[in-house]
Amino acid sequence: MNSQVDVLAIAAHRDDVEQTCGGTLLHSAAIGLRTAILDLTQGEAGTRGSAAERAEEAEKAAGLLNVGWRQALDLPDGRVENTWENRLKIVRVLRELRPRVVILPYWQARHPDHATASTLGYEACFVAGLAKVETGAPPHRPFKIVYASLYADLRPSFVVDISSYVERRFAALMAYRSQYENQAPGGTLFVPQEEIREKTLALARHYGILGGVRYAEPFVQKEVGLIEDLTLIPVQSI
Ligand SMILES: [Zn+2]
């Protein structure tokens, strides 16, 4: 077998993937692709909940997203750094799972962990292909890297139709009860479930409109698109 999974989503924190590309993972699983999630941190720095609680929640969310494999590395939460050691931790996972596609966070972000996870993930994908970097497993370089750009204010390269999956994606996000359950204390940092729901649907609707569908998730790719048949290019112009 050439690869253990088809699509691997890498993100800094448990619940990042649920917010930025959970619908795409659900759709990928629905069309028969094998999907996986690698969270770089365990969530010990969160204002609410413990790392152990978040581990349970992440497992539940993975089940809702029909993901076959999910693990968290032990990078310090709030201090994700692009070091050789951290790259090697990701390289070991890449060589074990051998994904064809890797989804990374977009490289500019408000949260430094998100931005660093992007460059760290990219460099790990590069290093994973170097035969002379020995980890006990054969080298592997993903064919494609795409960047989940939901929280970046820019025009995506493409969007994925998630119209059939928005409810399940929201349920996966709400599996993080320690983070999102309605609670009086906690100030403005934690918004009630209804507001989160409205925001996630509004964003998905915005990107859906760009793609001519109801709900969608946006991605950026650094490469240009390559077209075989002009008559099959989706998204109507006028
Ligand atoms: Zn995050």
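Points to keep in mind about this one:
- Gap separating the Cα centres of region 2-37 and region 136-163, nearest whole Å: 10 Å
- For region 192-207, 3J(HN,Hα) per residue [Karplus equation, 6.51 cos²θ - 1.76 cosθ + 1.60, θ = phi - 60°, Hz, x = Gly/Pro]: x, 3, 5, 5, 4, 4, 4, 5, 5, 5, 5, 5, 5, 5, 4, 6
- Amide H partners (placed H, <5 Å) of Leu73, local residues excluded: Asp39, Leu40, Thr41
- Helices in the chain, meaning DSSP H runs of at least 4 residues, each add -39500 (n - 2.57). Divided by all residues, the mean residue ellipticity at 222 nm is -11500 deg cm²/dmol.
- Rg/Rg_ref, region 7-221, where Rg_ref = 2.2 N^0.38 Å and atoms are Cα: 0.98
Bear in mind these aren't lab numbers, they're just calculated from the coordinates by the rules spelled out. Just so it is clear, the structure is predicted and the values come from calculations on it, not from any experiment.
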